1. Collect the residues in the stretch 356-395 that are over 15 Å from M71 (Cα atoms) and small (G, A, S), keeping them in residue-number order.
2. Inspect all residues belonging to the stretch 36-48 and state whether any of them is surrounded by fewer than 19 Cβ atoms within 10 Å (Cβ to Cβ), outside any strand (DSSP E or B) and at pLDDT 95 or above.
3. List, please: which pairs have Cβ atoms under 8 Å, are six or more places apart or on different chains, and start with a residue in the stretch 295-309 that is closer than 17 Å to Y240 by Cβ and end with one that is among the aromatic types (F, W, Y) and surrounded by 23 or more Cβ atoms within 10 Å (Cβ to Cβ)?
4. Kindly list the number of the only condition in (1) part of a loop (DSSP other than H, G, I, E, B); (2) in contact with a strand residue (DSSP E or B) (Cβ under 7 Å, 6 or more places away or on another chain) that fails for R299.
5. So, of the residues in the stretch 264-294 that are in a loop (DSSP other than H, G, I, E, B) and over 23 Å from G206 (Cα atoms), which turns out to be nearest to the chain's Cα centre (by Cα)?
6. Which of the strands (runs of 3 or more DSSP E) contained wholly in the stretch 175-240 include at least 1 residues that are among the small types (G, A, S)?
7. Give me a count of the residues in the stretch 124-148 that are of a type in the set (A, V, I, L, M) and assigned to a loop (DSSP other than H, G, I, E, B).
8. Restricting the search to the stretch 78-119, which residues are under 24 Å from V54 (Cβ atoms), of a type outside the set (S, T, N, Q), in a loop (DSSP other than H, G, I, E, B) and at pLDDT 95 or above?
Amino acid sequence: MNRLSLTVKPVFNSGLGVLIFLLLGGCVFKTNSTASQPSQIQESQREVNQVTVVEGLEHPWSMAWLPNGDMLITERPGRLRLVKNGVLQPTPIAGVMEVLQLGQGGLMEVSLHPNFSENRLVYFTYAHGTAEANRTRIARATFDGQALRDVQVIFEVTPAKPGGQHFGSRLVWLKDQTMLISIGDGGNPPLSLDGELIRLQAQNLGNPLGKIIRLKDDGSIPDDNPFVGQKEAQKAIWSYGHRNIQGLAVNQATGQIWATEHGSRGGDELNAIKGGQNYGWPLVTHSEEYFGGEISSERSRSGMIDPLIVWTPAIAPSGLAIYQGTRFPQWQGDLFAGGLVGKEVRHIDLDSSGQVIEQKSIPFSQRVRDVKQGPDGFLYVLTDAPNGKLIRLEP
């Protein structure tokens, strides 16, 4: 399922080539050959106003809105915070599970059950274990308005991995009230598992590393997952060949699933996700090793899905939203991808068929960890810093 593609690359022996590459933000776009070439520019400040709602968050990771408009925000060191009437409450919410704060790991995603108003269930992803043996866990708990009760681990990644890298951990709900969760590949060289580089587990259907998994709300596995009938496969797997997805979103109107994925040295990706498909990592990639040199000489392979956008240099994508509100009618159906290294939100303009038209950059002063649309129709951004912020984007 490869796309006929037009690739824009830097031509370093040409001043014009360098200029074009920089103007495109170092992007490689995968488009139909008949489509117009997308471009990347800065979003006009006349279109977007950044309003700081909350400050003083320690490395916030994810946010979710309660039915009354209050917000839950996770802090990576292991705290769950409540924002009530726009004010950060001084005391963290009690009852949070013990997490491993190591490297990229800690308390990460927070998401409400679609029927939260009836069942009061809140879902979390977090790192658990030790520096030598850790994993991503998924848990749910009942929130009574003051504290978490009846915390239950409903899924954990096996095997355990060493180090503090690549936990993935974005969680989204589908219309049938099953959930998709991204799981990282385990980490960079020299980290290994069973005598080979751990990143190769992204191609191993026997475990969840480097995958998106699909679960029912109690952690059980749906009977219609794509690999349920394959004897040696982990039945929870939805898609595979991923490095470290930290942006995941579903268009509730169309059912289309989108993901933004960290590359290594360059090679960050935007992908349209389909169940049962292989997205190539690390056999097919635009990334290079952090210490230099190719990871693979292949950029595309039959039977593997090509990305729609490749970002080189890396923006380190984290947080992804599909705008479906009315405050910015001109943004309807567009994607908004946070960038950690880029300190920005990339506005990705899509046409009606899901093809990329252009990108615009909304710059921030701090790394961007999460982007979500609020129930009020505004976009909200969490910045990743010791003094992180919650920022609202307004016309």
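The values are calculated or read from the model by the stated rules, or taken from the named source; none is laboratory data. Only a predicted model underlies this, so the values are computations on that prediction, with no experimental measurement involved. Methodologically, a virtual Cβ is constructed for each residue, glycine included, from the backbone with ideal geometry; neighbour enumeration extends over all protein chains shown.
1. Taking the stretch 356-395 as the starting set, the residues that turn out to be over 15 Å from M71 (Cα atoms) are 356-369, 383-388, 393-395.
Selection gives S361, S365, A385, G388.
2. First pass over the stretch 36-48, keeping only residues surrounded by fewer than 19 Cβ atoms within 10 Å (Cβ to Cβ): 36-37, 39, 41-48.
If we keep only those that are outside any strand (DSSP E or B) too, we end up with 36-37, 39, 43-48.
When the remaining residues are screened for being at pLDDT 95 or above, the result is none.
Looking through the stretch 36-48, none of the residues is surrounded by fewer than 19 Cβ atoms within 10 Å (Cβ to Cβ), outside any strand (DSSP E or B) and at pLDDT 95 or above.
3. M304/Y279; I305/Y279; P307/Y279
4. The one condition R299 does not meet is (2).
5. Just the residues of the stretch 264-294 that are in a loop (DSSP other than H, G, I, E, B), to begin with: 267, 274-277, 279-287, 289-293.
Subset that is over 23 Å from G206 (Cα atoms): 267, 286-287, 289-293.
Numbers: G267: 15, H286: 19, S287: 18, E289: 21, Y290: 21, F291: 25, G292: 25, G293: 26 Å.
Here the residue is G267.
6. Numbers: elements: 179-183, 211-215, 237-240.
Once the strands (runs of 3 or more DSSP E) in the stretch 175-240 are filtered for at least 1 residues that are among the small types (G, A, S), what remains is 179-183, 237-240.
7. Narrowing the stretch 124-148 to residues of a type in the set (A, V, I, L, M): 127, 131, 133, 138-139, 141, 147-148.
Next, only the ones that are assigned to a loop (DSSP other than H, G, I, E, B) stay: 131, 133.
Selection size over the stretch 124-148: 2.
8. G78, P90, P92, I93, G95, V96, M97, V99, G106
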